Ligand code: NA
Ligand code: NA
């Protein structure tokens, strides 16, 4: 693209949005397939316990770790896909640009919440590293890996919130970040 | 600030934030984090993230993504098409028979999955176009599909009852059994309503022409085979669990596997479909789990600043209500909150406050779980905020307007309210089956 | 110096039904005696913070005080291995306070927690003996094989050599996990608790052999919160802790005997003496393994050895075998 569109967002913002979207998407692809990991671990335990009378004592714990990674790391991609529900009594009546304005104005809530989560996750991870924290169980696995994964997922979520913010900001002008006009009909449905 | 004022302020702020249309998890999480920082004191910054470990410890939540996955896979297996054909042929000659058959279809789908999403997807894509093509009244049939699919959370298995069980500390197997008879009763009530209405207003449901259903009895009996796969899935998932062979979370993995195998053996499962399924599963699971994450933080912060004390004072000390009045007030408050709040958030925030109160008033918490679930079903269908409404809006064909969708739910909400009253008046409807089994 | 009473949030390891005995009377007594100068708000297991984050939350002041054993809250100190149930360390619930008060464990615990910032260890006390309650009977060591039980880490780790599988779920979820099939039993408490909490309703059998005579639990406070409390309220808090220790001694000691004899919900089973002697012997090896982990754990293990040898010599009524 040689020709700069006059209505486009500044170049650093466009690079930021595209990079973050790309990362969220790729990470989301990994996260979504973790579902098979959960199914596999739990099924293996069911079978070994009922058929060969052998317990896989770490099965549920492993599945719990996987679930934590699944929704935290997949969070950014789900934001990207627009799957989070909203109370759309008023919001649903607005035009695309109206919705974009509301999102721009209220995205501070989301930033605030995610920043506090990020702070908590980092503090919790530092504690885990300093004390070599382990989960209280027979398996006794280290909590450090899952906490690091959670910090990564929440940080990515925060980056994605800003990316979404820039896209909404462009949408208030009825455009994409590259300055292309968007038509009302091309919006995604609420669910 | 008094505890009552804190409680009211927190709820009011949350409702205002929800009204802005910001994502539900963000609105709840932001109020929780804000209240923590302003009112909690030392160590408050860690509270929202601590909820992630509370969620981590709730291992029954593992069933949530697995049930969602199973629901989506099932709509791809073609099981529903066969079932629909079976009901279609068997009930087609009765007045309103296709609508009645759709309720039957929804009951079978409900017995194979724990949410209402799968029922909505199958109802809107398979049943709805067929019903409209045969000139059934569009308002009635959109209502039938929304109401029928809501049985997904009452007929076992049920994700809502798993969540309730975790919060109320009640056994999920007992809750599932308790939901079975009320679920079937409600399905029967829908059928009676459809049959009576179609008798009174025959133009709503034309009878199918004879030639369309002119099938020899042998062929008709053959169609019953459509019920075999659903029965097997139900048996492997819910049957083995209730019989004690699998634990709850294992049963969801078994169910997910059974549905996947059914899809593979029917040669329906392409990589593209699988990919779409896991993608949608991630989206819906994240929606639920992020709401639960935020709602758990809200709950413990609400507790930690003493606001939860205000609820008991309000209901029991200040208003001097009788137990039944407290119960009715609670259900009404669910319906009001359900206008603004997603049912998961409602459950995680409100149930920890209500359940101990219910127990102290001498009510059975298993029975209350069924009442809660029926209330959720109503909330799913009542504007402005309801999952089934959202789904219907995004899936309905263009000739069905928003106004049609809103109008369609009215009679069904009344039938559900009647079911709710019946279960309140005769608790045995819910409790008989679990009592038989636990004996 | 400040307006209104001092407010503390205290979270216990126990759920509400058990908390009604092991802590609630103490907190009510404290609040009444503090006469409005200080008020402690009591929270049960996982109510404010999840148990896995309990120590950290205490350290950074999210909660002001904790009642728990060192192992359950995963205190980052070497002696936390002795919290909860340490196999065969005690025979009777009176052994535990004697070990702490007269045999130097108080000093060792104070020293260990003195090395951790932000947390004050206040006092340790005795709970109930460890029995195993299951849905299917345990009549021999072989019956332990493959049974998934809710259990504390140290005793659980020890018993896992006989095939028992210790599983950890939040305390409040144990009852449900027993019913949904995630658990086959509990190795967490004695008869009093099993009946009080309702686990006796779901389990059918009780193993009469006890692995430890008394659960070892402690009280902790956040250092800053503790420093802000005036001396007379500190004394009051310590006195009510002793009152709680005393309440539990009576409640459990009386309850265990009564429910063994008069309780009708659980059938008693016993592991044959020769097999059980092997378990006792294995525990000696296990003690040595733990003693090798640090100089301080060796001191604790030596104290157990010294104390139990003395009790054996003292004979009846201190020891009958
Ligand atoms: Na269901
Ligand atoms: Na609603």
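Throughout, read-outs are computed from the coordinates displayed, never taken from laboratory work. What you are looking at is a predicted structure, and each value in this text was computed from that prediction instead of being measured. Positions of Cβ are generated from backbone atoms using ideal geometry, with glycine treated the same way; all protein chains shown enter the neighbour counts.
If I fit a long axis through the Cα atoms of helix C:273-291 and take the longest principal axis of the Cα atoms of chain C, what angle between them do I get, 0 to 90°, rounded to 10?
40
What span do the alpha-carbon atoms of the stretch B:116-158 cover on each of the three principal axes, reported in whole Å from largest to smallest?
Principal axes ranked by extent give 34, 16, 10 Å for the Cα atoms.
Return the Rg/Rh ratio of the stretch B:261-358 with Cα-based radii and a Kirkwood Rh.
Dividing the radius of gyration by the Kirkwood radius yields 1.23.
Looking at the P(r) of the stretch A:1-133, how many percent of alpha-carbon pairs lie beyond 18 Å? Don't skip to the end; give the middle numbers.
Details: 6468 of 8778 pairs.
Counting every Cα pair in the stretch A:1-133, those more than 18 Å apart make up 74 percent.
Over all residues in C:178-189, what is the mean tally of Cβ atoms on other chains that come within 10 Å of each residue's Cβ?
Details: counts 1, 9, 15, 14, 7, 1, 1, 0, 0, 0, 0, 0.
Taking the mean over all residues of the peptide, I get 4.
Dividing the Cα radius of gyration by the Kirkwood radius, what Rg/Rh value follows for the stretch B:142-206?
My calculation of the ratio gives 1.16.
Given a Förster distance of 60 angstrom, what is the FRET efficiency for residue A:50 paired with residue A:6, based on the Cβ-Cβ distance and rounded to 0.05?
With R0 = 60 Å, the Cβ-Cβ based efficiency is 0.35.
Measuring from the lowest to the highest alpha carbon on each principal axis, how far does the stretch C:197-259 reach, largest first, in angstroms?
Principal-axis extents of the stretch C:197-259 (Cα, largest first): 49, 22, 20 Å.
Hey, with R₀ at 60 Å, roughly what FRET efficiency would residue B:224 and residue C:293 work out to, going by the Cβ-Cβ distance, to 0.05?
Working: r = 66 Å, r/R0 = 1.11.
So the FRET efficiency works out to roughly 0.35.
Just need the Rg to Rh number for the stretch B:157-298, please, alpha carbons only, Kirkwood Rh. Kindly include the intermediate steps, with their values, before the conclusion.
Details: Rg = 20.4 Å, Rh = 19.3 Å.
The Rg/Rh ratio comes out at 1.06.
If every alpha-carbon in the stretch A:1-55 counts as one equal scatterer, what log10 I(q)/I(0) does Debye give at q = 0.17, 0.18, 0.22, 0.31 1/Å?
-0.71, -0.74, -0.85, -1.08
Once you have the Kirkwood Rh of the protein assembly as shown from its Cα pairs, apply Stokes-Einstein at 37 °C and 0.692 mPa s and quote D in µm²/s. Display every interim value, and only then the final one.
Values: Rh = 29.8 Å.
In µm²/s, the coefficient rounds to 110.
Per-residue mean of other chain beta-carbon atoms within 10 angstrom of the beta-carbon, peptide A:134-146?
Going residue by residue through A:134-146 and averaging, the value is 4.
Taking a quarter of the surface of the Cα convex hull of chain B, what do you get in nm²?
Working: hull surface 88.5 nm².
Over all viewing directions, chain B projects a mean Cα-hull area of 22.1 nm².
Kirkwood Rh, the stretch C:172-321, all Cα pairs: how many Å?
The answer is 19.1 Å.
Among A:169, A:34, A:105, which one shows the highest mean-square fluctuation when chain A is modelled as a Gaussian network with alpha-carbon springs under 10 Å?
A:105
Test of understanding: extend the Cα→C-beta vector of residue B:133 to 7 Å, then name every residue of the stretch B:52-81 with backbone N under 16 Å from that spot.
Label zone hits: B:80-81.
Over all Cα pairs of chain C, how is the pair count split among 10 Å bins, expressed in % and running from 0 up to the last occupied bin?
Cα pair-distance distribution for chain C, in percent: 6, 27, 35, 24, 8, 1, 0.
If R0 is 25 Å, what FRET efficiency do you get for residue C:135 and residue B:436 from their C-beta distance, rounded to 0.05?
The calculated FRET efficiency here is 0.80.
In square nanometres, what is one fourth of the surface area of the convex hull spanned by the alpha carbons of the stretch C:62-114?
4.3
Just the projected area, averaged over all directions, of the convex hull on the alpha carbon atoms of the stretch B:372-438: how many nm²?
The orientation-averaged projected area of the Cα hull of the stretch B:372-438 comes to 5.6 nm².
Roughly speaking, what % of Cα-Cα pairs in the stretch B:322-439 are separated by over 20 Å, rounded to a whole number?
Of the Cα pairs, 48 percent sit more than 20 Å apart.
With a cut-off of 8 Å between alpha carbons and a minimum separation of six or more residues, what is the relative contact order of the stretch B:339-439 in percent?
The normalised contact order for the stretch B:339-439 reaches 29 percent.
In whole Å, how far is the Cα centre of the stretch B:380-439 from that of the stretch B:86-143?
Cα centroid of the stretch B:380-439 versus Cα centroid of the stretch B:86-143: 15 Å apart.
Bins of 5 Å, beginning at zero and ending with the bin holding the largest distance: percent of Cα pairs per bin for the stretch C:247-321, please.
Answer for the stretch C:247-321: a P(r) of 3, 12, 11, 14, 20, 20, 13, 6, 2, 0 percent.
Please arrange C:80, C:239 by counting, for each residue, the other beta carbons lying within 10 Å of its beta carbon, fewest first.
Taking fewest neighbouring Cβ atoms as first place, the list is C:239, C:80.
Hey, how many Å between the Cα centroid of the stretch B:149-227 and the Cα centroid of the stretch C:113-156?
Each part's Cα centre sits 48 Å from the other's.
Once fully extended, how much extra length lies between residue B:267 and residue B:422, figured as 0.36 nm per residue of separation less the alpha-carbon to alpha-carbon distance?
Stretched fully, the residue B:267-residue B:422 segment lengthens by 51.3 nm.
For chain B, what does the helix formula give at 222 nm: sum of -39500 (n - 2.57) over DSSP H segments with n ≥ 4, over the residue count, nearest 500 deg cm²/dmol?
-23000 deg cm²/dmol
Run the helix sum for chain A: -39,500 (n - 2.57) per DSSP H stretch of 4+ residues, divided by residue count, reported at 222 nm to the nearest 500 deg cm²/dmol. Before the final figure, lay out each step's value.
On the way: 5 runs with 127 residues, N = 191.
Calculated from helices alone, the mean residue ellipticity at 222 nm is -23500 deg cm²/dmol.
Along the Cα→Cβ direction, 7 angstrom out, place labels at residue B:2 and residue B:403. What is the inter-label distance in nm?
About 4.7 nm separates the two model spin labels.
Could you state the principal axis extents of the C-alpha atoms in the stretch C:134-217, from the largest down, to the nearest angstrom?
Principal-axis extents of the Cα atoms in the stretch C:134-217, largest first: 29, 27, 22 Å.
For residue C:145 paired with residue C:223, estimate the spin-label separation in nm (one decimal), with each label point 7 Å from Cα along the Cα-to-Cβ line.
That separation, rounded to one decimal, is 5.1 nm.
Can you give me the angle between helix C:24-34 and the longest principal axis of chain C, using Cα atoms only, in degrees from 0 to 90, rounded to the nearest 10?
20
Gap in Å between the Cα centre of the stretch B:3-46 and the Cα centre of the stretch A:51-89?
Using only Cα atoms to place each centre, the spacing works out to 25 Å.
Cut-off 13 Å, label point 7 angstrom out along Cα-to-Cβ of residue A:115: give me the residues of the stretch A:145-166 whose amide nitrogen falls inside.
Once the point is set 7 Å along Cα→Cβ of residue A:115, A:158-159, A:162 turn out to lie under 13 Å by backbone N, inside the stretch A:145-166.
At 4 °C and a viscosity of 1.567 mPa s, what translational diffusion coefficient does Stokes-Einstein give for the stretch A:68-128, taking Rh as the Kirkwood radius over Cα pairs? Give it in µm²/s as a whole number.
Stokes-Einstein gives a translational diffusion coefficient of 94 µm²/s.
Label-point separation (nm) for residue B:276 and residue C:234, each offset 7 Å from Cα along Cα-to-Cβ?
Spacing of the two 7 Å Cα→Cβ label points: 6.9 nm.
If you split all Cα-Cα distances of the stretch B:95-245 into 5 Å bins from zero, what percentages do you get per bin, shortest first?
2, 9, 16, 19, 18, 15, 10, 6, 3, 1, 0, 0
Quick one: Cα convex hull volume of the stretch B:1-97, Å³ per residue?
201
Rg and Dmax of the stretch C:1-154 over Cα atoms: what are they, in angstrom?
Final numbers for Rg and Dmax: 17.8, 64 Å.
Other chains near B:253-259: what is the mean number of their Cβ atoms within 10 Å of each residue's Cβ?
Numbers: counts 11, 5, 1, 6, 5, 0, 0.
Whole-number average of other-chain Cβ neighbours for B:253-259 is 4.
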